[in-house]
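Some notes on the structure that comes next.
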Amino acid sequence: MSKFFKIMVVALMMLSVTNIYAGEQNLQVFSQNNADGKLDAKSVQKSFASVGVIVDVNNDMNSIFSKRYGSVQHKKYNLAIFTNDALVKKLMNKYPSIGMITPLTMSIYQDDGVLNITTLTLAGMARLTEIPASNPDLIAYAKLVDKALHKALPKGKYLSVKHDANAKVSVTKFSMELEVEDGDSISDAKASFEEEFEGEISPVGFLVPKKYEFDHEAYDFFDTYSIIRFNAIYPVQAKHPDAGAYAPFSVVMYKKKGEDAMHIAYPSITNWITDLGIQDKKTLKAVQETQAMMNDILSELTE
């Protein structure tokens, strides 16, 4: 088993002050009347694919929630993850932080005959990654999401969203030296770490709907994990179905060629509290507990 030495663990707190997107909402809700039920999560997935946005996972959460918790709060509720690999790889050239929103996420939910899709806005994407909102590839990504939304809900419109657009955003980061033992390759060392990571998160309720491994000339490896914990998302979505813009959350692990350090980062789960306006004590506890668990696991693995 390879050994890993921790260089640093950093929790960054930033303000969304870039003039280009300061004050703009970080998530958006696109909505259309669907009383006839002709539109659903499957039709949304098909529409996204038709414009080059690939939905890799599209889970009926009501089915899961009803079995696990015995109740649901929305007539329909799906969480889905999606990507456009070409744009992700372009952004990776300069911004490995794109991994923290790879894949992007959305909730697809219906109440009172209205189908809604919630995703991050350009402002939200820029805020979490610290990629300038003026970056042409990030703009292209946001425009592609907008195109997909209009394709999925052809008579849809954006609803008014009034969250705290200028709330602080937290990113949890770790960096460590990746020690490659005699006879091992960098891939072997990475695989050993990821095996430990997966072995630690599974017993405490974290699930991995999808893992991505990107080939890129600038990196020895660039992997992202889409991760969810039902005990967190279930209480959150009850009053905040737009939480799908943030959940599942993504953990990126990468090593640049020519560098010794391996980097790990994810948008802190506690961002949900300010970004969604969570106030219920039990829900707050579930979110904070989930953040602490993930932080403790990665801290232990990188000691």
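Values quoted throughout were computed directly from the atomic coordinates according to the rules given, and no laboratory measurement underlies them. All values reported here derive from a predicted model rather than from experimental measurement. Every residue, glycine as well, gets a Cβ built from its backbone with ideal geometry; the counts of neighbours run over all protein chains shown.
A few points about this structure:
- The one condition in (1) surrounded by fewer than 17 Cβ atoms within 10 Å (Cβ to Cβ); (2) touching a residue at least 12 places away in the same chain (Cβ under 8 Å); (3) not in a strand (DSSP E or B); (4) not β-branched (V, I, T) that A247 fails to fulfil: (1)
- Failed item, numbered, when A123 is tested on (1) buried (at least 16 other Cβ atoms within 10 Å of the Cβ); (2) closer than 27 Å to S43 by Cβ: (2)
- In the range 74-127, the residues that are farther than 23 Å from N58 by Cα and touching a strand residue (DSSP E or B) at 6+ places or on another chain (Cβ under 6 Å): P96, R127
- Number of positions in the range 55-82 that are among the hydroxyl-bearing types (S, T, Y), part of a helix (DSSP H, G or I) and in contact with a helix residue (DSSP H, G or I) (Cβ under 8 Å, 6 or more places away or on another chain): 1
- Residue in the range 221-232 that is within 25 Å of R68 (Cα to Cα), in a strand (DSSP E or B), touching a Gly at 6+ places or on another chain (Cβ under 8 Å) and polar (S, T, N, Q) present: no
- Residues of the range 179-220 that are part of a helix (DSSP H, G or I), small (G, A, S) and free of Cβ contacts under 8 Å to residues at least 12 places away in the same chain: A191, G199, S202.
- Residue check, G52 assigned to a loop (DSSP other than H, G, I, E, B) and within 30 Å of A133 (Cβ to Cβ): yes
- Residue count, the range 128-145 (criterion: crowded, with 17+ Cβ neighbours inside 10 Å and closer than 12 Å to Y95 by Cβ): 7
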